[in-house]
Structure formats: structure tokens, C-alpha cells
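J.: First, the structure itself, so that you have it in front of you.
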Amino acid sequence: MRTTIQYSTVARSIDKLSAAHTTDIHELQLSLTSIESAERSFSFTSIIDVSYKPFSDGSGFLYVHTDEGVFSLHVIESPNTFIQTFKKITKRK
């Protein structure tokens with residue numbers, strides 16, 4: 001079983017004459033044992049909580065609270081189903 005949600009990353013570059021930014025879209029994947037992004041994998045044993053802060057445009061930040069710190073991901077749509085599935089799998093309320 002896999003559940004996914006899209007998130008975006010922004011890379012900024014500056015040279016002598018201009019500044020540019022590139023937005024990339026990635027998938028955050030929820031498996032039976034971990035949450036995996038393009039950059040890292042979070043084992044359920046290290047995850048303390050998952051929360052969400054919405055923006056008025058429908059996107060928002062998904063926060064993955066771990067024993068190493070809090071990691072934020074800019075999600076494009078509401079991750080409520082993703083979070084509910086995580087809590088169901090890990091039996092958290």
C-alpha cells in the first residue's frame with residue numbers, strides 16, 4: 001500500500017546579471033513503514049507527529065516532526081487524507 005501527495009521545492013540561483021528560481025514537483029510517499037521524499041526517508045520509529053498549516057491559496061506546509069527535528073514540505077493540496085492514513089497505520093490519534 002502506498003499513499004502519495006505532491007510537494008514542491010524551489011532552487012534559487014544568482015549570477016552577476018540576474019537571479020532565477022526553479023520550482024520542481026516531487027511526490028511524498030507513505031508506505032507501511034516510512035514516509036519518503038525525494039531528499040530523505042523518515043522511518044516511523046523516528047516520527048513523533050505529522051501536522052499541517054494551510055495557506056489561503058489551498059497549498060500549505062506539511063510538518064514531519066522527528067527525533068532529529070522538524071522538516072517542512074510545501075504541499076500543493078491538502079494532506080488531510082495522507083495524515084489520516086499515517087495515523088491509522090501507526091495507530092496514533
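J.: Taking the range 14-25 as the search range and keeping residues that are among the hydroxyl-bearing types (Ser, Thr, Tyr) and not in a loop (DSSP other than H, G, I, E, B), which one is nearest to Thr81 (Cα to Cα)?
T.: We begin by selecting, within the range 14-25, every residue among the hydroxyl-bearing types (Ser, Thr, Tyr); these are 18, 22-23.
After this cut, where a residue has to be not in a loop (DSSP other than H, G, I, E, B) as well, the list is 22-23.
Details: Thr22: 28, Thr23: 24 Å.
The extreme case among them is Thr23.
J.: Something else: Can you give me the number of residues within the range 13-42 that are of a type in the set (Ser, Thr, Tyr), closer than 14 Å to Val75 by Cα and open to solvent by 30 Å² or more (accessible area, probe 1.4 Å)?
T.: The first filter runs over the range 13-42 and keeps only residues of a type in the set (Ser, Thr, Tyr), leaving 13, 18, 22-23, 31, 33-34, 37, 41.
Pick out the ones that are also closer than 14 Å to Val75 by Cα and you get 23, 37.
This time we only want the ones that are open to solvent by 30 Å² or more (accessible area, probe 1.4 Å), so: 23.
Count: 1.
J.: Still on this structure, I have one more. Looking for whichever is in contact with a strand residue (DSSP E or B) (Cβ under 7 Å, 6 or more places away or on another chain), among the β-branched types (Val, Ile, Thr) and loosely packed, with under 10 Cβ neighbours inside 10 Å here; the options are Val10, Val50, Val70, Val75. Which one fits?
T.: On the way: Val50 fails: loosely packed, with under 10 Cβ neighbours inside 10 Å; Val70 fails: loosely packed, with under 10 Cβ neighbours inside 10 Å; Val75 fails: loosely packed, with under 10 Cβ neighbours inside 10 Å.
The conditions single out Val10.
The values are calculated or read from the model by the stated rules, or taken from the named source; none is laboratory data. Please read all numbers here as calculations on a predicted model, not as lab measurements. Backbone-built Cβ (ideal geometry, glycine too); neighbour counts: all protein chains shown. For accessibility, only protein heavy atoms count, side chains too; no ligands or nucleic acids. Shrake-Rupley method; radii C 1.70, N 1.55, O 1.52, S 1.80 Å.
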